[in-house]
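Encoded as structure tokens, the structure appears first; notes follow it.
The values are calculated or read from the model by the stated rules, or taken from the named source; none is laboratory data. Since the model is a prediction, treat every value here as computed from it, not as a measurement. Here the Cβ is made from the backbone with ideal geometry for all residues, glycine too, and neighbour counts use every protein chain on show. Keep in mind that these areas ignore ligands, DNA and RNA; they rest on the heavy atoms of the full protein, side chains included. Shrake-Rupley method; radii C 1.70, N 1.55, O 1.52, S 1.80 Å.
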Amino acid sequence: MSARLIDGKKIAEEIENELKAKVSKMDTPPKLSVIQVGDDPASTSYIKAKSSAAKRVGIELTHHHLSTDTTESGLSSLIGRLNSSVDGIIVQLPLPKRLESALNEIEPENDVDGFHPANLGRLVQGKSGMKPCTPAGIVELLYRSGNDPKGKNVVIVGRSTIVGKPLSLILSQKGVDATVTLCHSRTSNLQSFCKEADVLIVAVGSPDTVTAAMVKPGAIVVDVGVNPTDSGLVGDVSSDVKEIAGQLTPVPGGVGPMTVAMLMSNTVDSASKN
Ligand code: NDP
């Protein structure tokens with residue numbers, strides 16, 4: 001039997017509608033600034049998706065498009081000015097290495113991407129703070145599709161700072177209560193870990209990393225990967241997984257729209273505190 005698809009696009013639309021209702025009661029629209037350095041085509045398309053979502057929700061988004069010869073002090077001073085005038089700031093990644101330290105100039109309350117060390121530290125401590133959008137979106141997707149992770153054996157493949165690692169922290173927090181295993185490129189016998197998962201989350205960035213033989217029958221599989229191929233975007237999970245999984249997120253239309261919805265949610269939360 002084929003897995004039920006978890007429709008991230010539809011769930012993201014539900015969240016956007018809830019946010020739109022909140023924004024309509026605010027005196028002024030939330031303000032979000034997106035900084036882009038250079039012309040990376042993937043960044044441009046992600047910013048387009050964020051701008052469209054902001055428009056639907058009623059968030060005022062300003063796109064600051066800087067050239068690749070921007071200096072660290074130039075970027076820092078723009079962030080400094082924005083810190084006191086907007087509710088949320090994101091710097092679209094990837095960013096040239098030499099500019100990366102400027103990211104820490106974003107005030108933690110304005111860090112709607114949830115990447116600032118202060119916000120990641122709060123996550124480790126189990127305190128409230130801005131949560132990184134992709135991990136928060138995955139957890140929201142599980143809840144809203146009727147898959148409470150409490151007591152579940154969750155296996156995450158990929159330990160990056162923007163997806164796998166913070167996701168493992170959110171899922172293992174008191175109150176969420178999943179039992180989490182975090183795998184990576186040095187995990188020996190990845191299959192044996194994946195095969196035990198009630199919920200298998202794959203964030204690697206390489207097609208066919210997880211095949212049907214690695215999945216427990218009936219498992220919930222969340223495919224985070226976005227890999228451009230000649231035949232369009234594909235995830236990290238091979239196409240035969242849908243024959244064995246109970247539920248599966250599609251690529252595109254699974255985690256991607258949830259990431260954008262969580263960015264909108266963080267921005268609205270920040271505006272309601274300001
Ligand atoms: P990174 O490259 O930062 O991290 C990849 C992780 O996968 C690393 O921890 C790496 O291990 C691990 N890994 C690599 N190869 C293997 C393997 N063969 N077996 C097990 N683990 C492996 O990637 P990101 O976390 O930034 O992104 C992952 C994917 O998710 C990408 O396709 C990206 O485009 C997508 N993505 C999608 C988003 C969305 O909104 N839909 C948002 C963010 C990312 P090690 O640490 O040992 O090197």
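Quick rundown of the values:
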{"read-out": "Matching residues in segment 109-148 - criterion: being away from the ligand (no atom under 14 Å from the Cβ), among the small types (Gly, Ala, Ser) and closer than 21 Å to GLU14 by Cβ", "value": "SER145, GLY146"}
{"read-out": "Subset of segment 226-258 (residues that are hydroxyl-bearing (Ser, Thr, Tyr), within 16 Å of the ligand (Cβ to nearest atom) and closer than 24 Å to CYS194 by Cα)", "value": "SER238, THR249"}
{"read-out": "Evaluation of VAL176 against (1) hydrophobic (A, V, I, L, M, F, W, C); (2) within 11 Å of the ligand (Cβ to nearest atom); (3) under 30 Å from ALA54 (Cα atoms) (one fails), failing number", "value": "(2)"}
{"read-out": "Qualifying residue in segment 211-224 (condition: without any contact (Cβ under 8 Å) to a residue 60 or more places away in the chain, within 14 Å of the ligand (Cβ to nearest atom) and within 30 Å of ALA54 (Cβ to Cβ))", "value": "yes"}
{"read-out": "Wholly within segment 4-102, helices (runs of 4 or more DSSP H) carrying at least 3 residues that are more than 20 Å from PRO257 (Cα to Cα)", "value": "72-83"}
{"read-out": "Some residue of segment 12-28 being touching a Lys or Arg at 6+ places or on another chain (Cβ under 9 Å), open to solvent by 50 Å² or more (accessible area, probe 1.4 Å), under 16 Å from LYS55 (Cβ atoms) and acidic (Asp, Glu)", "value": "yes"}
{"read-out": "Conditions (1) of a type in the set (S, T, N, Q); (2) buried (at least 19 other Cβ atoms within 10 Å of the Cβ); (3) more than 16 Å from the chain's Cα centre (by Cα): number failed by ASN119", "value": "(3)"}
{"read-out": "Residue match in segment 98-107 (condition: in contact with a His (Cβ under 8 Å, 6 or more places away or on another chain) and open to solvent by less than 40 Å² (accessible area, probe 1.4 Å))", "value": "yes"}
{"read-out": "ILE170 within 11 Å of the ligand (Cβ to nearest atom) and surrounded by 15 or more Cβ atoms within 10 Å (Cβ to Cβ)", "value": "no"}
{"read-out": "Residue in segment 149-166 that is in contact (Cβ under 8 Å) with a residue 12 or more places away in the chain, within 11 Å of the ligand (Cβ to nearest atom), under 21 Å from ILE11 (Cβ atoms) and not hydrophobic (A, V, I, L, M, F, W, C) present", "value": "yes"}
{"read-out": "Tally, over segment 177-219, of residues that are β-branched (Val, Ile, Thr) and open to solvent by 20 Å² or more (accessible area, probe 1.4 Å)", "value": "7"}
